[in-house]
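The values are calculated or read from the model by the stated rules, or taken from the named source; none is laboratory data. Keep in mind it's a predicted model, so treat the numbers as computed, not measured. Cβ coordinates were reconstructed from backbone atoms using ideal geometry, including for glycine residues, and neighbour counts include every protein chain displayed.
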Amino acid sequence: MSEPVADSAGHCILIDTEICVGSTLCVQLAPDTFVLDARGKSQVIPTGVPDDETMDDVIGSCPTQAIGLVEGANPRRIEH
Ligand code: SF4
C-alpha cells in the first residue's frame, strides 16, 4: 500500500493521460516522482511531491499542460 502523497498545502498531482504525449520532461525534472507507464503516459510514484520550485518547473515544462495540482492527498490520473 502506498503512502498518501501531498505537498505542504494539501495538494496532490493530477495527470491527464489523454493529453500526455510522453515527452518525459516531467520524468527528467523529477525522476523520483514521475515515470512513464507501459503506454508511455506519465504516472506518479507515490513517494512524495517535489519541492514547490521543482513542481512549478514540471507544470510549466509539460508541453501539453497535462499535469496540475489539485486538492487532496493522493496522486491520481484522468484515465482515457
Ligand atoms: S511532461 Fe507532460 S507530456 Fe511529457 S511525459 Fe510528463 S505529463 Fe506527459
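Quick rundown of the values:
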item	result
Residue list for segment 12-28, restricted to those being touching an Asp or Glu at 6+ places or on another chain (Cβ under 8 Å) and surrounded by 18 or more Cβ atoms within 10 Å (Cβ to Cβ)	C12
Pairs, first of a type in the set (D, E, K, R) in segment 57-74, second assigned to a strand (DSSP E or B), C-beta under 7 Å, six or more apart	E71/H11
Residue among Q28, Q43, Q65 that alone is of a type in the set (S, T, N, Q) and either touching a Pro at 6+ places or on another chain (Cβ under 8 Å) or at pLDDT below 95 (or both)	Q43
Count - residues of segment 1-25 that are on the phi < 0 side of the Ramachandran plot, at pLDDT 95 or above and either polar (S, T, N, Q) or away from the ligand (no atom under 14 Å from the Cβ) (or both)	1
From the options P63, P50, residue that is surrounded by 14 or more Cβ atoms within 10 Å (Cβ to Cβ), of a type outside the set (F, W, Y) and touching a helix residue (DSSP H, G or I) at 6+ places or on another chain (Cβ under 8 Å)	P50
Verdict on V70 being closer than 13 Å to L14 by Cα, surrounded by 15 or more Cβ atoms within 10 Å (Cβ to Cβ) and either of a type in the set (D, E, K, R) or more than 8 Å from the ligand (Cβ to nearest atom) (or both)	no
